[in-house]
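Written below as structure tokens is the structure these notes are about.
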Ligand SMILES: C[S@@+](CC[C@H](N)C(=O)[O-])C[C@H]1O[C@@H](n2cnc3c(N)ncnc32)[C@H](O)[C@@H]1O
């Protein structure tokens, strides 16, 4: 499978299904997940660009991604970091990705399906990262349980260039 073409179509299909899924909403409620089930990492290209941006801070490190969605960003981060754990509460997202993982998942990358608090004390890293525009504060608090450094990816990008983001993303970080 070519991971720069088909994966994008697969992601779009799953995201469309998820948006209308009552089972998805029920899952989030049952697991205390407050973030919206909306992907921001919607292509390999976006995941690669973010990985380039983070390169110096993740190279040679153990990285924990909180709320990794499909896991596409972690997939790219694992090309740079020594070890990557991608924690995602909702296993539905992985259905977009199973074929890619079957062919390409490296052994320094592990996906953990469950609410992050289920893994407190079991894993830790040098850096925790999160990509979200909802429940930013909650996910940052969770991330801090795993690593001394927490990177709110969009928080940094919005601070650099607020005008490039829509009001919803800006307001999630207190920018108007
Ligand atoms: C807004 S989505 C973003 C997904 C992905 N990071 C992206 O940008 O495409 C937030 C994701 O975080 C997950 N999530 C939120 N809180 C979580 C927690 N405490 N433990 C594990 N996953 C969590 C949700 O299930 C959801 O898939």
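The values are calculated or read from the model by the stated rules, or taken from the named source; none is laboratory data. This structure is a prediction, so every number in the text was calculated from the model and none was measured. With ideal geometry, Cβ positions are generated from the backbone for all residues, glycine too; neighbour counts draw on all protein chains shown.
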Go over the candidates 101, 49 one by one and state the one that is out of contact with any helix residue (DSSP H, G or I) (no Cβ under 7 Å at 6 or more places or on another chain) and free of Cβ contacts under 8 Å to residues at least 24 places away in the same chain. 49
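For (1) surrounded by fewer than 19 Cβ atoms within 10 Å (Cβ to Cβ); (2) assigned to a helix (DSSP H, G or I), each residue gets a yes or a no:
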site: 101; (1), (2): yes, yes
site: 110; (1), (2): yes, no
site: 125; (1), (2): no, no
site: 147; (1), (2): no, no
site: 158; (1), (2): no, yes
site: 170; (1), (2): yes, yes
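One line per residue, one yes/no per condition, for (1) within 18 Å of residue 44 (Cα to Cα); (2) surrounded by fewer than 16 Cβ atoms within 10 Å (Cβ to Cβ):
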| site | (1), (2) |
| --- | --- |
| 71 | yes, no |
| 78 | yes, no |
| 90 | no, no |
| 95 | yes, yes |
| 135 | no, no |
| 141 | no, yes |
| 150 | no, no |
| 154 | yes, no |
Give the number of residues within segment 104-150 that are touching a helix residue (DSSP H, G or I) at 6+ places or on another chain (Cβ under 7 Å), near the ligand (Cβ under 8 Å from one of its atoms) and under 11 Å from residue 86 (Cα atoms). 2
Pairing a residue in segment 106-129 that is over 21 Å from residue 148 (Cβ atoms) with any residue that is away from the ligand (no atom under 11 Å from the Cβ) and in a helix (DSSP H, G or I), where Cβ atoms lie under 7 Å and the two sit 6 or more apart in sequence or on different chains, gives 109/75
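Residue-wise test of (1) more than 28 Å from residue 83 (Cβ to Cβ); (2) in a loop (DSSP other than H, G, I, E, B); (3) within 12 Å of the ligand (Cβ to nearest atom).
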position: 24; (1), (2), (3): yes, no, yes
position: 41; (1), (2), (3): no, yes, yes
position: 46; (1), (2), (3): no, no, yes
position: 49; (1), (2), (3): no, no, no
position: 52; (1), (2), (3): no, no, no
position: 64; (1), (2), (3): no, no, yes
position: 68; (1), (2), (3): no, yes, yes
Can you name the residue in segment 29-39 that is surrounded by fewer than 16 Cβ atoms within 10 Å (Cβ to Cβ) and modelled with pLDDT of 85 or more and is also nearest to residue 172 (Cα to Cα) among such residues? 34
